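A quick write-up on the structure given underneath.
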Amino acid sequence: MSKVFHRGLLIALLVFAGLAAVPDSVFANHSWGNYHWARTSDWFTLKLGDNVSSKWDPILATTSGDWSASTVLDTQIVSGGALSNVRRCRPTVGRVEVCNTTYGNNGWLGVAQIWISSNHITQGTVKVNDTYFNTATYNTPAWRNLVMCQEVGHTLGLDHQDENFSNANLGTCMDYTSDPDGPPSNEHPNSHDFAQLETMYSHLDSTTTVNQTSQTGKMPPAMRDIDLSGPAQWGKLQHSSHGGWKELYELDFGGGHKVFTFVIWATDEEDNPNRGHGPR
Ligand SMILES: [Zn+2]
Ligand SMILES: [Zn+2]
């Protein structure tokens with residue numbers, strides 16, 4: 001209820017602000033729910049734990065370099081904290097773990113998961129599914145770059161700019177496409193993504209959730225230990241995109257503790273059991 005009210009208020013404020021000159025960045029609004037990492041300084045380095053195989057290493061390096069072009073943050077690749085079980089890809093507090101393996105014919109190319117405590121991201125994971133990336137359709141640098149860039153983008157707090165798979169590319173990895181190399185290429189962020197990050201990270205917080213060694217606040221044990229490997233564990237469908245692809249799930253543990261799951265589905269899976277219209 002309050003979310004609805006806030007959204008209404010936000011729209012009202014935007015309409016009001018629209019009467020005056022407003023910078024473009026205000027309208028490049030594709031953060032999701034204003035969730036962001038808490039920081040006490042105006043610039044931060046987010047660690048990306050490298051749990052990926054050698055085939056993915058240059059892709060992860062490209063994505064890390066892409067997002068580090070932002071004026072508000074850098075990403076830094078560090079040795080992975082989930083190497084012992086990349087299927088599970090357990091999160092590490094204060095950073096993002098990135099994993100790949102053959103997760104199976106489950107329909108998804110990539111999944112990003114974010115743990116939220118009172119509007120702040122406390123940890124995140126990215127999984128990319130080699131079951132599809134080992135096939136001729138998806139075994140291309142363009143598909144790999146699109147999915148890695150988009151999923152890491154979600155862990156920064158960004159939403160999609162566009163969710164239609166078949167319209168013209170916007171030139172950003174935060175745009176769904178069936179043709180990631182374009183032109184224009186959707187393998188990397190664009191200026192709207194960077195403008196959105198500047199807007200999201202223009203304020204300072206009184207605490208930081210980046211690079212912490214223990215959880216800030218009390219994360220419910222169930223939230224820490226849950227295995228989030230499939231849609232049955234992802235919680236309530238929040239949003240399905242153009243064409244009915246279920247794509248954003250929310251698991252609410254109460255007290256401001258939530259886990260969000262972003263999914264990018266394999267578009268050529270006509271029999272994808274997860275494709276459907278409306279909530280499950
Ligand atoms: Zn904040
Ligand atoms: Zn996505």
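Computed from the coordinates by the stated procedures, all read-outs in this text should not be read as laboratory data. Owing to the predicted nature of the structure, the values given are computational and were not obtained by experimental measurement. Note that we place each Cβ from the backbone using ideal geometry, even for glycine, and neighbour counts take in every protein chain shown.
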What net charge is computed for the residues neighbouring Asp66, neighbours being all others with C-beta under 12 Å from the C-beta of Asp66, Lys and Arg scored +1, Asp and Glu -1? -3
Quick check on my link table: of Lys55/Lys236; Lys47/Lys127; Lys55/Lys127, which ones sit more than 24 Å apart, alpha carbon to alpha carbon? Lys55/Lys236
Could you work out the Kirkwood radius for region 24-169, taking every pair of different alpha carbons, averaging 1/r and inverting it, reported in Å? 15.8
Between Glu198 and Ser53, with labels modelled 7 Å along Cα→Cβ, what's the label distance in nm to one decimal, could you check? 4.1
Of the residues Ala142, Gly107, Ile77, the Cα lying farthest along the dipole of region 74-149 towards its positive end, which is defined by charges on the beta carbon of Lys, Arg, Asp and Glu, belongs to Gly107
Test of understanding: what is the full-extension gain from Ser206 to Asp74, defined as 0.36 nm times their sequence separation minus their Cα-Cα distance? 45.5 nm
For region 55-122, just say rounded, prolate or oblate: build the C-alpha gyration tensor, square-root its eigenvalues into a ≥ b ≥ c, call rounded for a/c under 1.5, and beyond that prolate if a/b exceeds b/c, oblate if not. oblate
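Convert 25 °C to kelvin, take the viscosity as 0.890 mPa s, use the Kirkwood radius over C-alpha pairs of region 157-223 as Rh, and evaluate the Stokes-Einstein diffusion coefficient in µm²/s, rounded to a whole number.
Rounded, D is 169 µm²/s.
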Share of pairwise Cα separations in region 32-74, more than 14 Å, in percent: 58
Students often check this: by mean Cβ neighbours within 10 Å, which of 78-91, 154-167 ranks highest, and how do the rest follow? 154-167, 78-91
